[in-house]
């Protein structure tokens with residue numbers, strides 16, 4: 001891969017040992033990858049705070065027996081068709097559905113969409129997960 | 001729907017007014033639904049803390065050009081095929097993939113799976129989202 | 001207390017039972033108080049998001065042996081004397097201090113103060129805790 | 001300070017540039033300090049998850065006019081006198097008090113104390129903040 005920079009970091013030995021232990025327990029074989037991951041986490045939180053273009057998911061549980069719920073959820077989603085990339089549906093049991101909607105756009109619009117879905121009668125739980133377009137956080 | 005219970009709640013007027021305003025801004029038409037939603041949120045956090053059977057999602061961004069990454073991710077996932085319900089893949093750009101894996105099982109196993117995926121070279125970001133089977137939180 | 005409003009809430013019996021159980025385990029004797037508490041939590045998160053006047057704490061751990069750190073921390077704090085209400089200091093061991101600074105003001109200024117303190121050499125950890133003036137959330 | 005280790009880290013140039021920019025905006029002058037801080041954050045979350053000895057704060061808002069509340073809060077705190085290091089009290093207005101209790105012990109006991117305080121009538125909001133003894137995270 002092009003564009004790798006190598007630089008020196010100074011840490012207290014005790015701190016580094018503890019980090020290495022945590023890293024190994026989580027299955028990391030490589031300290032640079034472990035540090036890169038926590039750096040990316042911080043940057044993604046920042047992307048969302050700054051209102052830049054982000055990617056995220058909206059995870060909902062709902063009861064599909066609720067009258068007119070499924071058509072209401074579809075109507076709302078079509079309003080945001082430019083933000084919605086795709087969705088995935090799981091039949092959890094006779095009543096409960098899990099739906100994961102992958103979205104791309106500015107955080108304000110994603111939250112507005114999430115609020116509208118979450119307020120529908122029959123939606124029991126909704127979570128927004130912050131992810132990224134992956135650009136600039138290689 | 002069967003099994004609805006109606007009970008009285010006492011709140012300070014000022015607090016209730018503020019809650020009603022927040023609720024309306026989020027699009028809720030119904031105070032019981034708004035209260036039920038925040039109760040469910042608490043219960044789902046509790047389900048995860050207690051190690052009961054839960055449902056969740058694992059959202060990853062990765063660079064599919066990373067040598068052997070895609071087969072490594074598949075190998076790991078097949079190890080946990082009893083926990084994985086389905087997955088969804090988005091081609092974010094030439095390099096970046098977003099994958100959302102829906103999982104069901106005990107939180108410890110879900111986190112072990114997430115750790116293994118996240119430690120793979122080429123995976124840039126991984127988030128676990130806590131959701132629920134929907135049972136008992138009607 | 002004046003200004004109490006009583007209103008009816010409808011929940012599924014299963015959901016209410018689970019909430020009652022969680023409530024009792026946490027020591028609550030009163031459902032209205034338990035619901036009021038989670039409503040207040042939501043409103044306080046909202047106060048911070050909206051940039052209104054809030055109250056919070058900044059909790060730091062630092063090594064007081066770090067050259068010039070204590071005077072640097074005092075300098076920064078004096079710059080924000082209108083936001084800082086008081087502070088509390090614990091000698092954790094020979095090296096480590098814990099300091100809790102109680103602040104009141106707009107979230108942006110509190111975060112700027114926290115960033116400046118956290119960037120000082122010798123400060124090992126800093127956390128901002130969101131609380132409230134208590135007004136309007138009776 | 002003794003015990004500093006210097007090691008090399010490899011990151012993509014784009015990622016490092018973004019991190020440097022975020023770092024500077026937060027006032028950091030030193031990349032090693034910025035990386036050490038996010039490493040410590042991870043380790044402190046881990047200390048709390050593992051049930052080791054930790055330090056934390058409990059931040060409460062309460063209405064001191066609530067009958068018998070102050071003596072109830074004192075009673076509970078005396079029960080946990082071995083965990084409580086000190087407390088700080090702010091008179092927010094005529095009714096509202098802010099109290100910050102600094103605690104040291106195992107997370108389970110700190111949470112039990114927090115639950116008991118939070119369940120008292122008149123306590124409007126309670127937050128537990130995770131910090132550390134500072135040992136081993138130099």
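The values are calculated or read from the model by the stated rules, or taken from the named source; none is laboratory data. These numbers were taken from a predicted model, which means no experiment stands behind them. Cβ placement follows ideal geometry from the backbone for every residue including glycine, while neighbour counts extend to all protein chains displayed.
Counting residues in segment C:112-121 that are more than 7 Å from chain D (Cβ to nearest Cβ) and out of contact with any helix residue (DSSP H, G or I) (no Cβ under 9 Å at 6 or more places or on another chain) gives one or more. The set of residues in segment A:5-22 that are surrounded by 13 or more Cβ atoms within 10 Å (Cβ to Cβ) and in contact with a strand residue (DSSP E or B) (Cβ under 7 Å, 6 or more places away or on another chain) comprises A:5, A:9, A:10, A:11, A:12, A:16. Going through (1) within 20 Å of residue A:124 (Cβ to Cβ); (2) in contact (Cβ under 8 Å) with a residue 40 or more places away in the chain; (3) under 14 Å from the mean Cα position of the chain (by Cα) one by one, residue B:46 falls short only on (2). Of all residues in segment C:1-25, those being facing another protein chain (nearest Cβ under 7 Å) and farther than 29 Å from residue D:113 by Cα number 10.
Residue-level check: of (1) surrounded by 15 or more Cβ atoms within 10 Å (Cβ to Cβ); (2) closer than 28 Å to residue C:136 by Cβ; (3) in contact with a strand residue (DSSP E or B) (Cβ under 6 Å, 6 or more places away or on another chain), residue C:80 misses just (3). Residue check: residue A:60 meets all listed conditions (1) free of Cβ contacts under 8 Å to residues at least 60 places away in the same chain; (2) within 11 Å of chain B (Cβ to nearest Cβ) but one, namely (1). Checked against the criterion of being over 25 Å from residue D:136 (Cβ atoms), crowded, with 20+ Cβ neighbours inside 10 Å and modelled with pLDDT of 95 or more, the candidates C:74, C:113, C:117 yield just one match: C:113.
Kindly establish whether residue A:102 is surrounded by 20 or more Cβ atoms within 10 Å (Cβ to Cβ), modelled with pLDDT of 95 or more and more than 7 Å from every other protein chain (Cβ to nearest Cβ). Let's see the steps before the verdict.
On the way: surrounded by 20 or more Cβ atoms within 10 Å (Cβ to Cβ): yes; modelled with pLDDT of 95 or more: yes; more than 7 Å from every other protein chain (Cβ to nearest Cβ): no.
Here the answer is no, as residue A:102 does not meet what is asked.
If the requirement is being within 20 Å of the chain's Cα centre (by Cα) and either assigned by TED's automatic domain parsing to the domain that holds residue B:110 or free of Cβ contacts under 8 Å to residues at least 12 places away in the same chain (or both), which of these qualifies: B:70, B:82? Walk me through how you get there before you give the answer.
Numbers: B:70 fails: within 20 Å of the chain's Cα centre (by Cα).
Answer to the check: B:82.
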